[in-house]
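Below you'll find the structure, written out as structure tokens, and then a few comments.
The values are calculated or read from the model by the stated rules, or taken from the named source; none is laboratory data. All values derive from a computational prediction rather than experimental measurement. Cβ coordinates were reconstructed from backbone atoms using ideal geometry, including for glycine residues, and neighbour counts include every protein chain displayed.
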Amino acid sequence: TERTFSIIKPDATRRNLTGKVNAVIEDAGLRIVAQRRIQMTEDQAKKFYEVHAERPFYGELVEFMTSAPVVVQVLEGENAVARYREVMGATNPKDAAPGTIRALYAENVGENSVHGSDSQENARLEIAQFFTDADIVG
Ligand code: GTP
Ligand code: MG
């Protein structure tokens, strides 16, 4: 069994969709083993998306991620990293498969409702940015 890191983004919390997103996650067989609603600071968002610092949308992305509360989560299950990427759907909701979180709820390529780690190594690093071992109850 494996863990991944998830964020329910501001566009989704703003529209009161936390429960609906969680339902898709749980229906897919992933377990929410840690969860906290937070207001991300600018420093947190900048650090979290540091890999995109050179991209033209970086400023917009940091502004978006701090524009309303987010829900940070640890998800657990078999092949959780790949499984959750599947459940989220493509970055751009126009390309997202039917039934995926982004097809159901995302507004556009930027405001796309959820984040999920893209590798097991990044999952470990991202989880450690927001949770201690004691926060995670499997
Ligand atoms: P994450 O799970 O959030 O990392 O999404 P991803 O892995 O599907 O996409 P990627 O890591 O390439 O991009 C990170 C985030 O940057 C995306 O989820 C979007 O919120 C945002 N983003 C990506 N491309 C664009 C873009 O062209 N314009 C804007 N405004 N935002 C973008
Ligand atoms: Mg990514």
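Remarks
- For segment 83-117, the tally of residues that are among the charged types (D, E, K, R), more than 13 Å from ligand 1 (Cβ to nearest atom) and surrounded by fewer than 16 Cβ atoms within 10 Å (Cβ to Cβ) stands at 0.
- Every test in (1) near ligand 1 (Cβ under 8 Å from one of its atoms); (2) crowded, with 21+ Cβ neighbours inside 10 Å is passed by Ala80 save one, and that test is (1).
- Test: Gln120 is loosely packed, with under 13 Cβ neighbours inside 10 Å and in contact (Cβ under 8 Å) with a residue 12 or more places away in the chain: no
- Scanning segment 34-71 for residues that are in a helix (DSSP H, G or I), in contact with an Asp or Glu (Cβ under 8 Å, 6 or more places away or on another chain) and among the aliphatic types (A, V, I, L, M) yields a single hit, Val62.
- Residue check, Ala45 in contact with a Leu (Cβ under 9 Å, 6 or more places away or on another chain), at pLDDT 95 or above, small (Gly, Ala, Ser) and closer than 18 Å to Ser113 by Cβ: yes
- Comparison of Val81, Val74 shows that the only residue that is part of a helix (DSSP H, G or I), closer than 26 Å to Val137 by Cα, at pLDDT 95 or above and out of contact with any Cys (no Cβ under 6 Å at 6 or more places or on another chain) is Val81.
- Hits in segment 97-107 - residues which are within 17 Å of Ile7 (Cβ to Cβ) and either among the polar types (S, T, N, Q) or not in a helix (DSSP H, G or I) (or both): Thr100, Ala106, Glu107
- Residues satisfying the stated conditions in segment 5-51, i.e. farther than 21 Å from Asn122 by Cβ, of a type in the set (Asp, Glu) and either within 16 Å of ligand 2 (Cβ to nearest atom) or surrounded by 14 or more Cβ atoms within 10 Å (Cβ to Cβ) (or both): Asp11
- Restricting the first member to segment 46-57 and to residues that are at negative phi, and the second to residues that are away from ligand 2 (no atom under 12 Å from the Cβ), the beta-carbon pairs closer than 7 Å and six or more apart or on different chains are Lys46/Val62; Phe48/Gln129; Tyr49/Tyr58; Tyr49/Val62; His52/Tyr58; Phe57/Gly110.
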